[in-house]
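Colleague: The structure under discussion is supplied below as structure tokens; questions concerning it will follow.
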Amino acid sequence: MKIEKEMICIVCPNGCKLEVTYEESITVKNALCPKGVQYARDELINPVRNLTSTVKVLEGVLPLVSVRGNKPVPKDKVSEIVRFLKTLEIKAPVEFQQIIYKDILNTGVDIIATRRVEKK
């Protein structure tokens, strides 16, 4: 099966318009640097995204704490993870880089706090 896809590389400011073909191997045209080739291959085989969101804090000086994944999550899991995070509530205090949820949805990604939230 032959797959042809156009994509814009987001790795650097060049924004190369890549032409990607996958049949027996992956061919990438129009990449100005090797990072574009790697981006296209990753995006075709295993697309991932950096995730940021918020989690509700109970008894905190702030009602929410910003969180992020400790590594990128599979692209097809982003919406499901964000929906799940909206249901979480944690008690203050929250420490900077505290693990809020370990191995979220069995992705191997830990959700960590990006700031401290003190207790009221």
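Colleague: If the requirement is being touching a residue at least 24 places away in the same chain (Cβ under 8 Å), of a type in the set (A, V, I, L, M) and closer than 30 Å to Glu6 by Cβ, which of these qualifies: Ile26, Ile111, Ile81?
Modeller: Result of the check over Ile26, Ile111, Ile81: Ile81.
Colleague: Still on this model: Filter the stretch 42-78 for residues that are under 18 Å from Ile3 (Cβ atoms) and surrounded by 16 or more Cβ atoms within 10 Å (Cβ to Cβ); which is nearest to the chain's Cα centre (by Cα)?
Modeller: Glu43
Colleague: Tell me the residue from Lys2, Lys17, Lys29 that is farther than 28 Å from Asp110 by Cα and either loosely packed, with under 12 Cβ neighbours inside 10 Å or modelled with pLDDT under 95 (or both), please.
Modeller: Lys2
Colleague: Among the numbered criteria (1) assigned to a strand (DSSP E or B); (2) within 22 Å of the chain's Cα centre (by Cα), which single criterion is violated by Gly36?
Modeller: (1)
Colleague: Right, next: Among the candidates Arg83, Arg41, which residue alone is in the same structural domain as Glu24 (by TED's automatic domain parsing) and not in a strand (DSSP E or B)?
Modeller: Matching residue, one of Arg83, Arg41: Arg41.
Colleague: Scan the stretch 86-112 residue by residue and report those that are among the charged types (D, E, K, R) and in a loop (DSSP other than H, G, I, E, B).
Modeller: Glu95, Lys102, Asp103, Asp110
The values are calculated or read from the model by the stated rules, or taken from the named source; none is laboratory data. As the structure is a computational prediction, the values presented were derived from the model and not from experiment. Don't worry about glycine lacking a Cβ; one is built from the backbone with ideal geometry, like all the others, and counts go over all protein chains shown.
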